[in-house]
Amino acid sequence: MAVHDTIGDFLTHIRNSSAAQKATCQASYSKLRYDLAVILKEEGYLADVKEAQDERGFKSLQMKLKYVGNTPAITGIERHSTPGRRLYYGYRDIPRVLGGLGVAILTTSKGLMRARDARAQGVGGELICKVW
């Protein structure tokens, strides 16, 4: 049975679109991807996120990428936990990204949230990705 890392593919799509200086990028819709994109927007890495339909009529995510001058707002984005290697952290052990300059995103029992919110609420979970 083949295992596909859909979140890793989503992050790679954003990374590649940003590196290619595209204005927008479009990905297939899922609730996890939408919540992840909303957190990236709230953190200032994306300019806008909205639900749309692709040419076949399926639900999709349309993200407007953010640039500062000609430099992408997303300097780096990497998948931390993968389908073959799940990494879980207690709220005391959640790693910081670039000494607090970046953001780590976790999936917890209370939903998808930033690492600093998880620490404040005292919940741990699976570290999905790091963004800086």
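Computed from the coordinates by the stated procedures, all read-outs in this text should not be read as laboratory data. Since the structure is predicted, the reported quantities are computational estimates derived from the model, not experimental observations. We place every Cβ from the backbone using ideal geometry, glycine too, and count neighbours over all the protein chains shown.
Assorted remarks:
- In summary, the aspartates and glutamates within cross-link reach of Lys59, defined as a Cα separation below 19 angstrom excluding same-chain residues under 8 places away, comprise Asp9, Asp35, Asp48, Glu51.
- About its Cα centre, the stretch 77-131 has a charge dipole of approximately 40 debye under the convention of +1 per Lys or Arg Cβ and -1 per Asp or Glu Cβ, with nothing else charged.
- The average projected area of the stretch 6-72, computed from the convex hull of its Cα atoms over all directions, is 4.3 nm².
- In summary, the lysines within cross-link reach of Lys130, defined as a Cα separation below 25 angstrom excluding same-chain residues under 8 places away, comprise Lys22, Lys31, Lys41, Lys50, Lys64, Lys66, Lys110.
- Computed from backbone phi with θ = phi - 60° and the Karplus coefficients 6.51, -1.76 and 1.60, the 3J(HN,Hα) list for the stretch 76-85 is x, 8, 9, 6, 9, 9, 10, x, x, 8 Hz; x is used for glycine and proline.
- In the stretch 77-131, Rg over Rh equals 0.93, where Rg is the alpha-carbon radius of gyration and Rh the Kirkwood radius from pairwise Cα distances.
- In the chain, one over the average inverse separation of all distinct C-alpha pairs is 15.3 Å, which is the Kirkwood hydrodynamic radius.
- Comparing Cα centroids, the stretch 10-78 and the stretch 102-132 end up 19 angstrom apart.
- For the stretch 77-131: relative contact order, % (alpha-carbon pairs under 8 angstrom, 6 or more apart): 49 percent
- Degrees separating the helix 6-19 axis from the principal Cα axis of the chain, which is the longest one: 60 degrees
- Mean Cα-pair separation over length for the stretch 4-116, i.e. relative contact order, pairs under 8 Å, 6 or more apart, %: 24 percent
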